[in-house]
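Following: one structure in structure tokens, then a few remarks.
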Amino acid sequence: SAVISQKPSRDICQRGTSLTIQCQVDSQVTMMFWYRQQPGQSLTLIATANQGSEATYESGFVIDKFPISRPNLTFSTLTVSNMSPEDSSIYLCSARQGSLSYEQYFGPGTRLTVT
Amino acid sequence: AQSVTQLGSHVSVSEGALVLLRCNYSSSVPPYLFWYVQYPNQGLQLLLKYTTGATLVKGINGFEAEFKKSETSFHLTKPSAHMSDAAEYFCAVSKDTGRRALTFGSGTRLQVQP
């Protein structure tokens, strides 16, 4: 299984600022994903981070608000831009290892509070 | 489109009692089904998965789940609850092709009473 780390683990940010979350996997993976978990709710897929190309966003999420990078097969970043209190959530990175693999492994999450 | 419904946002059992967490899915293609557990302030850990083959799947920590196509269900069970099982449990579904991104249910919080 892949071991995934995220930085920062938590942050408190002011309205209007941006935060970049880093996700590091201990091995090369085929797919990387970013999810949002709003307080007391389930996980919602934000986007798929594609290596070497633009991310694929789900309905309701746009690149200007959540720019994503994936420069190689083990690393990705998610930026939450121009934050508002509604962006207060846990942001989780996940990865799927091989093209034939079904399991997704999750990082510990980044707990973001916007004041 | 795929969706997952978890019946019961909160389930409380006594230590040693049977745990039953319910999950029903909707999918236009053969589904791949998963149960994840989330302990407080932690990420998600995969408990078990169903892809193909045997419909009764066993996972970690004594949990198991049975895929019932006729009932579109994938309920999670454990014969005897332990205090350490208290957590949030998520059922998820993915397609067998493409990105295989997960669609999650709303989650069930399991409480275990001493």
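Here is the figure for segment B:32-51: residues that are outside any strand (DSSP E or B) and either of a type in the set (Lys, Arg) or away from every other protein chain (no Cβ under 11 Å) (or both) total 1.
Please tell me if A:Val114 is more than 13 Å from the chain's Cα centre (by Cα), farther than 15 Å from B:Gly43 by Cα, of a type in the set (Val, Ile, Thr) and crowded, with 17+ Cβ neighbours inside 10 Å. Answer is yes for this residue.
Exactly one residue out of B:Lys78, B:Lys49 is closer than 15 Å to B:Leu20 by Cα, among the basic types (Lys, Arg) and surrounded by 18 or more Cβ atoms within 10 Å (Cβ to Cβ), and it is B:Lys78. Restricting the search to strands (runs of 3 or more DSSP E) fully inside segment B:52-114 and requiring at least 1 residues that are in contact with a helix residue (DSSP H, G or I) (Cβ under 9 Å, 6 or more places away or on another chain) and modelled with pLDDT of 95 or more gives B:73-78, B:108-113. Note on segment B:18-37: residues that are touching a residue at least 60 places away in the same chain (Cβ under 8 Å) and more than 13 Å from B:Gln6 (Cβ to Cβ) amount to 7. The set of residues from segment A:28-46 being of a type outside the set (Lys, Arg), surrounded by 13 or more Cβ atoms within 10 Å (Cβ to Cβ) and touching a residue at least 24 places away in the same chain (Cβ under 8 Å) comprises A:Gln28, A:Val29, A:Thr30, A:Met31, A:Met32, A:Phe33, A:Trp34, A:Tyr35, A:Gln37, A:Gln38, A:Leu43, A:Ile46. Of all residues in segment B:9-44, those satisfying the criterion of being surrounded by 17 or more Cβ atoms within 10 Å (Cβ to Cβ), modelled with pLDDT under 95, within 23 Å of A:Val3 (Cβ to Cβ) and not aromatic (Phe, Trp, Tyr) are B:Gln38, B:Gly43, B:Leu44.
Condition check ((1) over 27 Å from B:Cys91 (Cα atoms); (2) within 11 Å of chain B (Cβ to nearest Cβ)) across all residues:
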residue	(1), (2)
A:Ser27	no, no
A:Thr30	no, yes
A:Asn72	yes, no
A:Ser89	no, no
A:Leu92	no, yes
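Which ones in segment B:75-114 are among the hydroxyl-bearing types (Ser, Thr, Tyr), in contact with a strand residue (DSSP E or B) (Cβ under 6 Å, 6 or more places away or on another chain) and away from chain A (no Cβ under 14 Å)? B:Thr77 - this is the single residue of segment B:75-114 that is among the hydroxyl-bearing types (Ser, Thr, Tyr), in contact with a strand residue (DSSP E or B) (Cβ under 6 Å, 6 or more places away or on another chain) and away from chain A (no Cβ under 14 Å).
The values are calculated or read from the model by the stated rules, or taken from the named source; none is laboratory data. Predicted, not measured: the structure shown is a model, and the values here were computed from it. Every residue, glycine among them, receives a Cβ derived from its backbone with ideal geometry; neighbour counts consider all protein chains shown.
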